[in-house]
Amino acid sequence: MDIQRILRLLPHRYPFLLVDRVLELEQDVRIKALKNVTINEPFFSGHFPARPVMPGVLMLEALAQSAALLSFGSAGSEPDADTLVYFVGIDNARFKRPVVPGDQIILEARIDRIKGGIYRYKTHASVDGQLAVEADLMCAMRKAPPA
């Protein structure tokens, strides 16, 4: 899945779109995506100027965006403009290594359970084969409220 399809599926835009490409998608099972981390990322100017490190919360957001792409890719049809996947829960988050400019994060999510439109995923991200973060995420596919 290329960036054009990702932009059709996710509402996120720069600087908050954190998935560059989907490498593999097995419908109703798993996804493997990537994020290229560059020094141009706006968060690096403040986290931390002398030793830039990608914030852990943004690594989790990248995993959640990958999981949302898996949900949309498993739905069998393109979502309409009012359908969103909301991040609703996180458990067992563990950070194992820092992510720095120049890294390429491989984001992986596997559907653990689906019940009532709530998806539970087992996720992890790695850099050069080393685990960077892992977490159990929950997301809900819902219609956005009227503006």
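If the limit is 22 Å between Cα atoms, which of Lys35/Lys143; Lys96/Lys122; Lys35/Lys122; Lys35/Lys115 go over it? Violating the 22 Å Cα-Cα cut-off are Lys35/Lys143; Lys35/Lys115.
Scaled to the globular estimate 2.2 N^0.38 Å, the Cα spread of the chain, given as radius of gyration, is 1.01.
A crude spin-label estimate for the pair Asp91 and Arg21, with each label 7 Å from Cα along the Cβ direction, gives 3.5 nm.
The mean sequence separation of alpha-carbon pairs under 8 Å and at least six residues apart, normalised by the residue count of the chain, gives a relative contact order of 25 percent.
By other beta-carbon atoms within 10 Å, ranking Lys143, Lys35, Lys122 with the fewest at the front produces Lys143, Lys122, Lys35. Give me Tyr14, Tyr119 sorted ascending by neighbouring Cβ count inside 10 Å, so fewest comes first. In increasing order of surrounding Cβ atoms, one gets Tyr14, Tyr119. Distance between the pseudo-spin-label points of Glu78 and Asn40 (7 Å out from Cα toward the beta carbon): 2.7 nm.
On a 0 to 90° scale, report how tilted helix 56-74 is relative to the longest principal axis of the chain, with both axes built from alpha carbons and the result rounded to the nearest 10. Taking the Cα atoms of the chain, the angle to 56-74 is about 30 degrees. For the chain, a crude dipole built from +1 on the beta carbon of Lys and Arg and -1 on the beta carbon of Asp and Glu, taken about the Cα centre, is about 220 debye to the nearest 20.
Any read-out appearing in this document is the output of simple, stated calculations on the displayed coordinates, not a laboratory observation. Predicted, not measured: the structure shown is a model, and the values here were computed from it. With ideal geometry, Cβ positions are generated from the backbone for all residues, glycine too; neighbour counts draw on all protein chains shown.
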